[in-house]
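Participant: Sharing a structure with you now.
The values are calculated or read from the model by the stated rules, or taken from the named source; none is laboratory data. Remember, predicted model here, so these are calculated numbers, not experimental data. Cβ placement follows ideal geometry from the backbone for every residue including glycine, while neighbour counts extend to all protein chains displayed. Just the protein is used for accessible areas: all its heavy atoms, side chains included, with ligands, DNA and RNA removed. Shrake-Rupley method; radii C 1.70, N 1.55, O 1.52, S 1.80 Å.
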Amino acid sequence: MSLSNPLAGTEIEATVATLKQHLEAVRQHEVKRLRGRLGQLNAAQENAIASLTQGIVDQILKTPINVLKAVSHENDSIIVIETVRRIFSLV
């Protein structure tokens, strides 16, 4: 990630990492919660569930990450960083 404002860049990288961790934890929790109702699954079915849920998380992450990267050189980048943190309850 090449960012113009070093302070914003550090905050953006930390926010992106925290956001990814947060959504991965949500994904794992929901898969685990649903797992008991699915019964016995074979490896292909397990892989399909993992792939599907990871794809959903990736799609959710795409826009916030792109917005954070785009504002890295703007004066109000810290406001955007804080907004993303608040929207996803990362603060």
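Participant: What's the Cα-based Rg to Rh of the chain, Rh via Kirkwood? Please report the intermediate quantities before stating the final value.
Facilitator: Values: Rg = 16.4 Å, Rh = 14.6 Å.
That ratio equals 1.12.
Participant: Let me ask something else. Grab the DSSP H runs of the chain that are 4 residues or longer, score each as -39,500 (n - 2.57), total them, divide by all residues and round the 222 nm result to the nearest 500 deg cm²/dmol.
Facilitator: On the way: 3 runs with 72 residues, N = 91.
That calculation yields -28000 deg cm²/dmol at 222 nm.
Participant: Would you list the membrane-span-like helices of the chain, meaning whole DSSP H runs whose alpha-carbon atoms span at least 18 Å along their axis and whose mean Kyte-Doolittle value is at least -0.5?
Facilitator: Details: long enough: 6-38 (47 Å, -0.44); 43-70 (39 Å, 0.37).
Answer set is 6-38, 43-70.
Participant: State the percentage of accessible surface on the chain attributable to carbon and sulfur atoms; use a 1.4 Å probe and exclude ligands, DNA and RNA. Before the final figure, lay out the partial values.
Facilitator: Details: 3440 of 6190 Å².
In the chain, the share of accessible area belonging to carbon and sulfur is 56 percent.
Participant: Sticking with this structure for a sec: Let me know the charge dipole size of the chain about its Cα centre in debye, to the nearest 20, where only the beta-carbon of Lys, Arg (+1) and Asp, Glu (-1) is charged.
Facilitator: Values: 10 positive and 9 negative charges, 99 e Å.
It comes to approximately 480 debye.
Participant: Let me ask something else about it. Considering only ALA14, LEU52, LEU68, whose Cα is most displaced toward the positive end of the charge dipole of the range 1-86, charges sitting on Cβ of Lys, Arg (+1) and Asp, Glu (-1)?
Facilitator: Of the listed residues, the answer is LEU52.
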